[in-house]
Amino acid sequence: FDALPAVSFSIIAHIDHGKSTLADRLLEMTGCIPAGVGNRQVLDSLKVERERGITVKSQAVSMRWQGTLLNLIDTPGHVDFAYEVSRSLSACQVALLVVDAAQGVQSQTLSVLRIARARNLRIIPVLNKIDLPAAQPDVVLAQLEDVGLDVGSGGREEAISVSAKTGQGVEEVLARLVRGARTHKEARRQDMRALVFDSWYDPYKGVVALASVYEGTLRKGDRIASAASGKTYEVLGIGVNSPEPVSTGVLRAGQVGWLMMNMKDMSEAAIGDTLHHAHTKVEPLEGFKPSVPMVYAAVYPLQAQDFPKLEDAITRLALNDRSVTVARESSAALGQGCRLGFLGTLHLDVFRQRLEDEYGQSILVTAPTVPFRVTAQDGTERTIASPAEFPAELRAGHAELAEPVVRGTLMCPEEYVGSMMELCAEHRGEDLSIEFDEGKSGKRQVRMVYRLPLAEVVTDFFGKLKSRSSGFAAFEYEDDGYTASDLVKLSFLISGTPVDALAVVLHRSKAVATGRAMARKLRDVVPRQQFEVAIQAVIGNKVIARESLKAFRKDVTAGLYGGDYTRKAKQLGKQKEGKKRLRAVSFGRVQIPQEAFLSVLNSR
Ligand code: GTP
């Protein structure tokens, strides 16, 4: 591998436009994986990712084609992971922009294109699925021109038409990549610089870093230094993935591969760090901003005594997913747990599923919350990641509250404009602009830009967007800072005992409706007691919703008149057993069966 000219590239696309299928075809044609085993999606190596059909973690695979080394760096395909896309692209020179020839340019096509341009990548547009009868390559080419790409024949960004499914046209993609490769001649004279863009902990090998070498040559045995920490290391092992790890002893400019150094701790393999030879002085490469969690949720074990095992599993998973933040938290009803920070709700779902699938943990996840910000009178700011941290002194006007907002772009066919506007209004959206896009494609598309509170977007916004537009609307968003907001903490009490796992921070305008709905759901799961049970939704000490459950005495023997004693005893015994089997969560004197309580927790 080591002497070949090389190029690093990524495939970027809107969801389902065929990114993974194209990757599989490229891997097959270059002999990395055997051909004809169907759509195997080698890069999606984790079970969750396969099940959900999404790609989460970036991975790199090196292929050989006509004397050139082509390094494919995988990028995630969901808007939740925009940060990860930017991270992966920072290690590339070329981006293959895949567009479904039947569906055309979608919102996420635009957002990934924007990231690729910001990284100064060479863009090769690929029209995929041209085997479909509904494919309209000319229309899509016109759309691509509309967004500023020079896609015409002989153009700077000439498009390639392919069917990733049948393999038609895919060879041309390889040929174009080969033309973009760099030779090592100039590399020899340069000081080595490599960007660490991923790292993980391997139980056998220890800390492994994935690095892209920008200039120079990096060899096994070299003494290298981290630009961030100044610490020095020895390169103990170095190689590429093809797709299995292969030790090559060297990585040169344009190559991407793995690297083992004598690092003891994961925190030393800082993502975005520049590595250089210890005896040289170099400018650090342009890294990328560290990720900021946008959604928090607490995770508790179903059985309180399982917390140590859960915490261990969380720590291990978080080592391999550096964008997750972890802090301990405890709840009166649920015991000890962890509060985790994620890039978005999908990220949270994937993490939850991995805890369950890969670590066999039975867990309970509280409602997701976004990071709110409190500014005290003296100007000090802090972020609250949990309703428990909501300041009590707020009512006196001592502090100012703000919530994160996003700038969202919604694209849909004209006929759905009305329902999409309604949806955004329901979610406290503020419209910034609307454009009817005739384009050269002829089909009237609408592009609306909204400012929306992040808290509204992380609920079921995507689900509603899809169902109310018959799947035709696309939405992507980017961070747009914080805005002052009238936020309150909504808490729930059962017979006066707080149900801390259900507390939420939300906008005042949503408090009453949410309070009522949740109180009703709680009433439905609380078993009748021998005393009246009050279920209250409160803000501060003001009750905004109330439900009550009348006292009731369950007499299991009532239906059995006469009869003999043994029958009665058997019946009583059954009741006792039933009680033992059902695990319960206690709130003062009231116990709620665990499953029922979970259903309320999950219903938000
Ligand atoms: P994410 O990983 O979710 O971003 O999706 P993706 O972009 O990787 O899409 P994927 O490769 O999973 O393809 C989505 C669907 O389109 C799958 O059902 C593929 O079989 C299908 N598909 C991909 N390429 C082609 C093609 O060239 N022709 C046809 N007819 N179908 C294709």
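Details
- Short-range pairs are left out: with C-alpha atoms under 8 Å and at least six residues apart, the relative contact order of the chain is 10 percent.
- FRET efficiency, R64 to D131 (Cβ-Cβ, R0 30 Å, nearest 0.05): 0.65
- Peptides 233-241, 14-22 ranked from most to least packed give 14-22, 233-241, packing being the mean of other C-beta atoms within 10 angstrom over each peptide's residues.
- Evaluated on the stretch 95-212, the Kirkwood hydrodynamic radius is 16.6 Å, with distances taken between all distinct Cα atoms.
- For the stretch 475-481, Karplus couplings with θ = phi - 60° (6.51, -1.76, 1.60), whole Hz, Gly/Pro x: 9, 9, 9, 9, 3, 10, x
- 3J(HN,Hα) couplings calculated from phi for the stretch 197-209 with the Karplus curve 6.51 cos²θ - 1.76 cosθ + 1.60 (θ = phi - 60°) are, in sequence order, 10, 7, 7, 8, 9, 9, x, 9, 9, x, 6, 10, 10 Hz; Gly and Pro show x.
- 0 to 90° range, to nearest 10: angle between helix 19-29 axis and the chain longest Cα axis: 40
- Contact order relative to length of the stretch 430-499, as percent, for alpha carbon pairs under 8 angstrom and 6 or more apart: 17
- Amide H partners (placed H, <5 Å) of Q168, local residues excluded: S163
- Shape of the stretch 64-103, Cα gyration tensor, a/c cut at 1.5: oblate
- Within the stretch 113-140: backbone nitrogen closer than 18 Å to the Q168 label point (7 Å, Cα to C-beta): 126-140
- In the stretch 189-269, the trypsin sites (Lys or Arg not before Pro) that fall in loop regions by DSSP, at most 16 other Cβ within 10 Å: K205, K231, K264
- Among the listed pairs K165/K220; K464/K521; K165/K466; K165/K205; K521/K542, those whose Cα-Cα separation exceeds 32 Å are K165/K220; K165/K205.
- The phi-based Karplus calculation (6.51 cos²θ - 1.76 cosθ + 1.60; θ = phi - 60°) puts the 3J(HN,Hα) values of the stretch 104-119 at x, 5, 10, 4, 6, 4, 5, 5, 6, 4, 4, 5, 5, 5, 4, 8 Hz, whole numbers, x for Gly and Pro.
- Distance in nm between pseudo-label sites at E244 and R546 (7 Å out along the Cβ direction from Cα): 7.0
- Annotation: the antiparallel percentage among DSSP beta bridges lying fully within the chain is about 85.
- Residue ranges 353-359, 67-73 sort as 67-73, 353-359 when ordered by packing (mean number of other C-beta atoms within 10 Å per residue, highest first).
- Extension gain for D524-N262 works out to 88.6 nm (0.36 nm per residue, less the C-alpha to C-alpha distance).
- Additional length obtainable on full extension of the chain from D16 to R328, 0.36 nm per residue less Cα span: 108.6 nm
A short reminder: the numbers here are calculations on the coordinates, not readings from a lab. Here the structure is a predicted model, which is why all the values come from computation and not from measurement. As a convention, Cβ positions derive from the backbone with ideal geometry for all residues, glycine included, and neighbour counts pool all protein chains shown.
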